[in-house]
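Notes follow once the structure below has been shown.
The values are calculated or read from the model by the stated rules, or taken from the named source; none is laboratory data. Predicted model, so just to flag it, every value in this text is computed and none were measured. Glycine gets a Cβ as well: all are built from the backbone with ideal geometry, and neighbour counts include every protein chain shown. Side chains included, ligands, DNA and RNA excluded: accessible areas come from the protein's heavy atoms. Shrake-Rupley method; radii C 1.70, N 1.55, O 1.52, S 1.80 Å.
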Amino acid sequence: MSLESTLHHFLTSYPDSHILVAYSGGIDSQVLLHSLANLKKKSLDNTIHISNPVSVCHVNHGLSKNAEQWEIFAQQQCDLLDLPLDICRVYVKAKAQHSLEELARDARYDALKALITEKILSNVIVLTGHHSDDQAETFLLALKRGSGLKGMSAMKQTMPFADALLVRPLLTISRSQIEAYAHDNNLSWIDDESNEDTRFDRNFIRHQVMPKITERWPSFLKTVNRSAEHCQEAELLLIELAQQDLNIIQLANNALSLDKLQTLSQARFNNLIRYFLGNHGCLMPSKAQLTQLQSQLLAKTDKAPAVKVGDYWLRRFKNSVYLTGELKNITEMSLPIKLGEQRLIDKSLIELPDGLGQLKFEIKHLCNSIEFTDGKGNASQHIIAPLLNQTVSIRFSHNNPTCIPDYRQHSRSLKKILQELDIPTWERKRLPFLYYNEELVAVIGHFVCKEYIPTETDNVLSATWLK
């Protein structure tokens, strides 16, 4: 089947979709763009005509001194083919544990997603020019890294892409077929100088390894692609198993049942944790890290272990395992709150540190005139309003005062109260404590100290934690 026929056959599954071409100007995306334009130009009675709207996006990563010239080339080519072009400029910043190629790809994909949102495009398929040689290179890179089934699955022909779909219609087409099409149609294209640098693993495989392999085994591309498809099927089975396990074990979006985790074998534990972390965008732990995770999180101990995985932490508290981000130490912070008789003097929303959300305060004149929710499901707490001469503040530490929460009959130390509320250890250092002068008045989101519960004749401070 010819390249254009292959492309047409693939697109028949998306007859009404808006096609957005991820266009670098290299030979692969140039051939993809040209063949799409040809399919658009075919007469209506031709069997390989497409009627999809087509637009193009070129992303400037700013990594080459020739980047601006590539922008100009992209515009010239789209003008020749009468196709609309958007140029997106991104900034790629080096990051530990990430290759430059990976960071550039992520920046490119983010730009494409932002463009789809900005243009308010619906029913979008994003086309890339990846071909079977790319697939084989990706497979070998995964093999070199010792990847599992997910890595060995290499590139999928279709995959979710925000509110769109990312598709690779040329995965069955070889690089030699693409080059032949480009020469037959007298196409010009960009040669990215970085593609020749064999210090990059992919380029080393492309220029040094693949020619020798395909010379010895001419059908290698087909067999590697077939192996990748087998791995994709096996990966789907593992995903199904992980979904079933997660339905049983998950307590909340970021929490798992410790008791039920303990019933899993090491392999099944590894599969579930990888799936759970993947759902939250975490870097995948190695097999050794997963073994350590199981050992520490499931150990019979009274301690509350915490294990770092990439930029996240898995933390154990009682019978649950929680996933959290990197938590900033905010115990020394204090936020002054300026209140007037009627409302906040300077602003009605107080921004809490480290992504904890916002606090909304409002002063009401009579207790029986207030509502107990903000209309969005966020419960409000009602506290005797401070006197004008009292200093009001939010703090994230305490000196363990003795107090009586609104739900208790007897006083107890604050540390013991937080323990009996089953608040995870690390969250106890991130609670907004409301103080009038140096006296604890309430723990926002949990309780009001009994002596500050308003009566019908009290002016009331309404406090709502917007998480």
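Structure above, values below:
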read-out	value
Flag for residue 288 being modelled with pLDDT of 90 or more, among the small types (Gly, Ala, Ser) and farther than 30 Å from residue 27 by Cα	no
Verdict on residue 420 being among the charged types (D, E, K, R) and free of Cβ contacts under 8 Å to residues at least 24 places away in the same chain	yes
The range 430-446, residues that are in contact (Cβ under 8 Å) with a residue 60 or more places away in the chain and more than 13 Å from residue 401 (Cβ to Cβ)	430, 432, 444, 445
Residue within the range 108-117 that is of a type in the set (S, T, N, Q) and either closer than 30 Å to residue 287 by Cβ or surrounded by fewer than 19 Cβ atoms within 10 Å (Cβ to Cβ) (or both) present	yes
Search result, residues across the range 283-341 that are open to solvent by 60 Å² or more (accessible area, probe 1.4 Å) and at positive phi	318
Close pairs (6 angstrom Cβ cut-off, 6 or more residues apart or separate chains): over 24 Å from residue 150 (Cα atoms) in the range 212-231, assigned to a helix (DSSP H, G or I) and open to solvent by less than 50 Å² (accessible area, probe 1.4 Å) anywhere	214/220
Residue under evaluation residue 327, criteria (1) at pLDDT 85 or above; (2) touching a Leu at 6+ places or on another chain (Cβ under 9 Å), criterion not met	(2)
Test: residue in the range 112-130 that is polar (S, T, N, Q) and assigned to a helix (DSSP H, G or I)	yes
Tally, over the range 190-240, of residues that are over 28 Å from residue 59 (Cα atoms) and in a loop (DSSP other than H, G, I, E, B)	3
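Rundown of residues vs (1) surrounded by 15 or more Cβ atoms within 10 Å (Cβ to Cβ); (2) assigned to a strand (DSSP E or B); (3) within 28 Å of the chain's Cα centre (by Cα); (4) not β-branched (Val, Ile, Thr), yes/no style:
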position	(1), (2), (3), (4)
159	no, yes, yes, yes
165	yes, yes, yes, yes
173	yes, no, no, no
177	yes, no, no, yes
181	yes, no, no, yes
188	no, no, no, yes
